[in-house]
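Written out below as structure tokens is the structure these notes cover.
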Amino acid sequence: EPEEKKIALELLETEQAYVNRLHLLDQIFYTELMKEAKNGKTVPEEVVKMIFSNISSIYQFHAKFFLPELQKRMEDWSCNPRIGDVIQKLAPFLKMYGEYVKNFDKAMELITVWSEKSPSFQELIADIQKRKVCANLTLQHHMLEPVQRIPRYELLLKDYVRKLPPQSLDRDDAEKALEMIFMVAKHSNAAIAEMERLQNLWVVYQRLGLEDDIVDPSNELIKEGPIQKISTRNNSTSEKYLFLFNNMLLYCVPKVIQVGAEFQVHLRIDVDGMKVRELNDAQFPHTFLVSGKQRTLELQARSGEEMNAWIKAFQDAIDRKEKRSESFKTAVLGLETGTSALKTEELGRRAPQWVRDNLVTMCMRCREPFNAIRRRRHHCRACGYVVCARCSDYKAELQYDGNRLNRVCQECYVFLTGHVVLEDREGKHKGILEKGAAEVSGRSLLCSSLQLLDKNGKGGTRGWFVIPQDDPLVLYIYAAPQDVRAHTSIPLLGYQVKDLPQGDSRHLFQLAQSRQVYTFVADTEELKRRWMRAMARSAAGIT
């Protein structure tokens, strides 16, 4: 048999075994533990839900969609020898693994803690583990399987693409599918990295005494360590401790009596507007200057190598702060989705229709969010796109303006002048969320403006919501109807759509699954009904 068919068969066989493992986790472990929890015999229901996360959705997806599609394709292999299109169609839904992977360490901890707290909980797990279906393996071992599944897909698909004949009809689809699996694996790895980042951040906050004004999950610790502070008054040094985050520097003093916190925060300096440079001081070698809006500090490292490491860390934080936005505007004013883009051959020959500022919250080229301070909106005079200063720092002659030099975006500059611009973003894979709002709205099952409420139901953000025709089981959420990138996506498969009574003249409905609940507000009752019907079909897997 052809090598590619052997790999396809291996994929099918491992998928069948994997679905059996998911059935064990969802239909046996989860179901029986939840039954006992509801009877009040073992642990609270919430604990069981937190342990198994979204395993029910993962099981339903593989048992009802992925495995049947693979089986059907392998049965038809003689007349249609390909699997790339099947994987390409279903790969976006594998990003639901991010939630499971991110929750995995917490789940392992809960199993350990509650096994000690509740003997009946431990006994029930031990009883299930003795059954033949468990093959003498523990619950923890079985729960590791979904974490390892995405990398397994990636390895099999790489091997499949490598073994395909050069002229295979499946090559294009298989390569696209591999890229999509790569992005899902990246998404899963990012979830693990995010979990580790938050755990490390929490440890740092505990060392600092959990001060309210610095506890923020969006912070990222870049570097920490002891440092000598040079006093300009008495020409001496004293030991301090620095915590450098992505947005601030905490200048601390070690506490003599370390009860609770290790350090006391003396000063907080914003990275925004900060500057750093080396000092040439004969009396105090290895010194550098950190100058911020709140304070300027002369600091001494223990060696030249350590000084260079601190300067590099500060400069990296400063550079990143300048490139990233400080706020992400989510208000949507107006519901227009159509833009009249110029054809390529018309660029520069006729004036473009400008995309309105209030329809865009991010640069339409680099996708960085706009803000009022550092990243302002500009219009490309050739294509009419709303772009940032960095992406429009080019000038080209435009025929419609008497061949005068005008501000244009990088893409139009390259096209109009033929000059090559070095692209620092080249080679990056296109993300799952990078679907233009206007593009997908034009070929969607349903799109409109909705409001997504926060957890307490009192406030929320308004956005542009789309279920695309080519991705009918995923809801994409944009800040504005002309944005080139969604800021959130929700895999709808397995969710329940719930009607809520009208309150305060608001038309409310919900998506609910396990511990995850989303509450939406539609502008009218008729629009609410349309969304409920569309989401219910997607949640049931009807495409």
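The values are calculated or read from the model by the stated rules, or taken from the named source; none is laboratory data. Everything quoted here is computed from the prediction, not taken from an experiment. Neighbour counts run over all protein chains shown; Cβ positions are idealised from the backbone, glycine included. We work out accessible area using only protein heavy atoms, side chains counted, and drop any ligands, DNA or RNA first. Shrake-Rupley method; radii C 1.70, N 1.55, O 1.52, S 1.80 Å.
Tell me, please, whether a residue that is at positive phi and surrounded by fewer than 19 Cβ atoms within 10 Å (Cβ to Cβ) can be found in segment 497-513. Yes, because at least one residue in segment 497-513 is at positive phi and surrounded by fewer than 19 Cβ atoms within 10 Å (Cβ to Cβ).
If you go through segment 266-287 and keep only what is open to solvent by less than 30 Å² (accessible area, probe 1.4 Å) and either over 14 Å from Lys229 (Cβ atoms) or not β-branched (Val, Ile, Thr) (or both), you end up with Val271, Asp272, Met274, Val276, Phe284. Per the conditions (1) among the aliphatic types (A, V, I, L, M); (2) more than 21 Å from Glu145 (Cβ to Cβ); (3) in a helix (DSSP H, G or I); (4) in contact (Cβ under 8 Å) with a residue 40 or more places away in the chain, the sole criterion not satisfied by Ala37 is (4). Residues that are open to solvent by 40 Å² or more (accessible area, probe 1.4 Å) and out of contact with any helix residue (DSSP H, G or I) (no Cβ under 6 Å at 6 or more places or on another chain) within segment 96-125 comprise Glu99, Asp105, Lys106, Glu109, Thr112, Val113, Glu116, Lys117, Pro119, Ser120, Glu123, listed in sequence order.
Table: residues versus (1) closer than 24 Å to Val203 by Cβ; (2) open to solvent by 20 Å² or more (accessible area, probe 1.4 Å); (3) part of a loop (DSSP other than H, G, I, E, B).
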residue	(1), (2), (3)
Leu289	no, yes, no
Gln294	no, yes, yes
Glu298	no, yes, no
Glu306	yes, yes, no
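Condition first: outside any helix (DSSP H, G or I), out of contact with any Ser or Thr (no Cβ under 8 Å at 6 or more places or on another chain), farther than 15 Å from Ala37 by Cα and modelled with pLDDT of 85 or more. Can you find one or more residues in segment 117-131 that meet it? Yes: segment 117-131 contains one or more residues that are outside any helix (DSSP H, G or I), out of contact with any Ser or Thr (no Cβ under 8 Å at 6 or more places or on another chain), farther than 15 Å from Ala37 by Cα and modelled with pLDDT of 85 or more. With respect to Ile51, is the statement that it is modelled with pLDDT of 90 or more, crowded, with 17+ Cβ neighbours inside 10 Å, assigned by the TED database to the domain that holds Lys117 and not acidic (Asp, Glu) true? In short, yes. Here Pro92 passes the criteria (1) under 25 Å from the mean Cα position of the chain (by Cα); (2) open to solvent by less than 50 Å² (accessible area, probe 1.4 Å); (3) within 15 Å of Glu15 (Cα to Cα) except the one numbered (3). Among residues of segment 126-137 being charged (D, E, K, R) and open to solvent by less than 100 Å² (accessible area, probe 1.4 Å), the one that is farthest from Ala17 (Cα to Cα) is Asp127. Of all residues in segment 151-162, exactly one satisfies the criterion of being exposed (fewer than 15 other Cβ atoms within 10 Å of the Cβ) and over 28 Å from the mean Cα position of the chain (by Cα), namely Arg162.
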